[in-house]
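FYI, it's all coordinate maths here, none of it is from the lab. This structure is a prediction, so every number in the text was calculated from the model and none was measured. Neighbour counts are summed over all protein chains in view; Cβ atoms, including those assigned to glycine, are modelled from backbone coordinates with ideal geometry.
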Amino acid sequence: MKALVYHGPGQKAWEEVPDPGILENTDAVVRVDAVTICGTDLHILKGDVPEVTPGRILGHEAVGTVEAVGSAVRTVTPGDRVLVSCITACGSCRFCREGHPGQCQGGGGWILGHLIDGTQAEYVRVPFADNSTYLAPAGVTDESLLMVADILPTGYEVGVLNGHVCPGDVVAIVGAGPIGLSAIMGSRLYSPSHIVAIDQADSRLEAAKQFGADITINNQTQDPVDAVKELTGGLGADVTIEAVGVPATFELATALVRPGGHVANIGVHGQPATLHLEELWIKNVTITTGLVDTFSTPTFLRLLRGHQLPVEGFVTHTFALDEFEQAYDVFSRAADTRALKVCLKRS
Ligand SMILES: NC(=O)c1ccc[n+]([C@@H]2O[C@H](COP(=O)([O-])OP(=O)(O)OC[C@H]3O[C@@H](n4cnc5c(N)ncnc54)[C@H](O)[C@@H]3O)[C@@H](O)[C@H]2O)c1
Ligand SMILES: [Zn+2]
Ligand SMILES: [Zn+2]
């Protein structure tokens with residue numbers, strides 16, 4: 001088969017590789033029908049995630065058709081249309097049983113396109129298939145379903161829920177890429193009074209407006225701390241969500257929060273950031289970090305089946321499955337191309 005193989009920082013190629021097969025009786029092999037690229041894949045290509053070694057097939061989000069299953073797989077059978085989640089769950093370790101498979105100790109967690117070969121390929125082996133795939137609901141497009149593989153649960157669990165967004169809150173979200181936009185969409189489920197989106201790219205801020213931010217700030221031309229202070233009578237935001245993954249945006253998120261507020265970091269960081277404890281210690285601030293667990297995936301599948309989430313706006317560009325070079329180029333130059341999520345589809 002063909003797959004997108006990582007060859008070290010800045011290098012990748014769509015090339016011939018061996019077909020994946022069933023290695024454990026809990027595996028499924030899924031034919032990839034639709035796949036996307038994550039901001040995390042860009043971090044990997046920058047060298048920010050050194051656990052990803054040369055030769056690894058990238059990608060951790062897909063919608064596909066089950067091709068083969070191991071003898072112990074119970075919930076999916078060949079021919080089923082499934083969502084492949086970015087998180088694999090062994091289902092039996094302590095963290096899986098506590099609802100935190102992102103921290104799985106039994107061979108799962110974020111492994112696809114990280115520690116084992118991923119979804120940016122014609123076929124992918126999915127370990128622990130019963131716990132790591134979801135039957136696709138009828139009437140939901142591949143493009144919409146793909147948004148549940150990673151970004152919608154991530155924005156919601158690591159941003160909205162960790163940040164304790166409550167009705168009436170002022171929520172400031174730093175970064176309006178797909179993850180920041182998912183955090184906007186998830187925050188709206190809780191009726192905040194204001195959602196402030198902060199980004200350096202005007203195209204992303206326009207998208208943030210469409211997704212439900214009522215205030216947008218380009219932090220290259222306007223000081224977001226002043227603007228949020230003015231909005232909140234000098235206090236700061238109830239919840240700030242970091243959705244970029246660089247030191248400056250983490251530090252900005254901590255500068256934007258009110259006393260007693262929550263800072264929810266979502267970004268994948270490759271560099272240390274400064275924690276301004278000399279300012280924060282007295283403010284009763286809660287700072288959370290996290291890898292998505294995807295415990296909210298069933299919730300999002302129900303919301304999609306009921307057409308309760310306007311996810312159609314996410315996919316801005318569609319490519320054929322072998323057009324990864326073009327797709328990465330468009331996704332990585334989002335400020336110019338206005339890309340949000342790209343979708344590569346088997347024809
Ligand atoms: N914690 C998790 O489980 C998890 C899961 C998925 C993705 N992520 C991470 O979430 C982050 C966002 O992902 P994405 O797909 O939306 O990425 P993206 O690269 O598409 O979006 C990042 C946005 O940040 C903006 N930005 C960059 N520098 C900025 C600055 N200094 N000030 C303000 N805005 C700035 C960019 O213009 C862009 O719109 C990434 O770090 C990604 O790795 C984390
Ligand atoms: Zn991701
Ligand atoms: Zn586990």
**Fill in**
Phi angles of the range 196-208, converted by Karplus (6.51 cos²θ - 1.76 cosθ + 1.60, θ = phi - 60°) into ³J(HN,Hα) in whole Hz with x for Gly and Pro, give 9, 9, 10, 7, 8, 10, 4, 4, 5, 5, 4, 4, 4
**Fill in**
Phi angles of the range 45-52, converted by Karplus (6.51 cos²θ - 1.76 cosθ + 1.60, θ = phi - 60°) into ³J(HN,Hα) in whole Hz with x for Gly and Pro, give 5, 7, x, 6, 10, x, 5, 7
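When the convex hull of the Cα atoms of the range 286-329 is projected onto a plane and the area is averaged over all directions, what value comes out in nm²?
5.8 nm²
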**Prompt:** Pulled fully out, how much extra length does the chain show between residue 200 and residue 346, if you take 0.36 nm times their separation in residues and subtract their Cα-Cα distance?
**Reply:** 49.2 nm
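Within the set 12/209; 283/341; 209/341; 46/209, which residue pairs have Cα atoms separated by over 27 Å?
Values: 12/209 34 Å; 283/341 37 Å; 209/341 16 Å; 46/209 29 Å.
Exceeds cut-off: 12/209; 283/341; 46/209.
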**Item:** Paramagnetic label zone (point 7 Å from Cα along Cα-to-C-beta, residue 94; backbone N under 20 Å) in the range 253-293
**Value:** 289-293
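So for 123, 190, fewest C-beta neighbours within 10 Å to most, what's the order?
Values: 123 20, 190 16.
Ascending Cβ contact count within 10 Å gives the list 190, 123.
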**Request:** Give, in whole angstrom and from largest to smallest, the semi-axes √(5λ) of the equivalent ellipsoid of the range 1-123, with λ running over the eigenvalues of the Cα gyration tensor.
**Result:** 23, 19, 12
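So if each residue of separation counts as 0.36 nm, and I subtract the Cα-Cα distance between residue 190 and residue 284, what length gain in nm does that give? Show your work: numbers first, answer last.
Working: separation 94, 0.36 × 94 = 33.84 nm, distance 2.29 nm.
Extra length from residue 190 to residue 284 when fully extended: 31.5 nm.
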**Request:** For the range 52-134, divide the Cα radius of gyration by the Kirkwood radius and give the resulting Rg/Rh value with two decimals.
**Result:** 0.96
**Prompt:** At what distance in nm do the modelled label points of residue 46 and residue 225 sit from each other, each positioned 7 Å from its Cα along Cα→Cβ?
**Reply:** 2.2 nm
**Selection from 318, 347, 307, by position along the positive dipole direction of the range 305-347 (Cβ)** = 307
**Prompt:** For the chain, what number results from the quotient of the Cα radius of gyration and 2.2 N^0.38 Å?
**Reply:** 0.97
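Roughly how many debye, to the nearest 20, is the charge dipole of the chain about its Cα centre, given +1 on each Lys and Arg Cβ, -1 on each Asp and Glu Cβ, and no other charges? Intermediate values should be presented prior to the final figure.
Values: 23 positive and 40 negative charges, 127 e Å.
With Lys and Arg at +1 and Asp and Glu at -1, about 600 debye.
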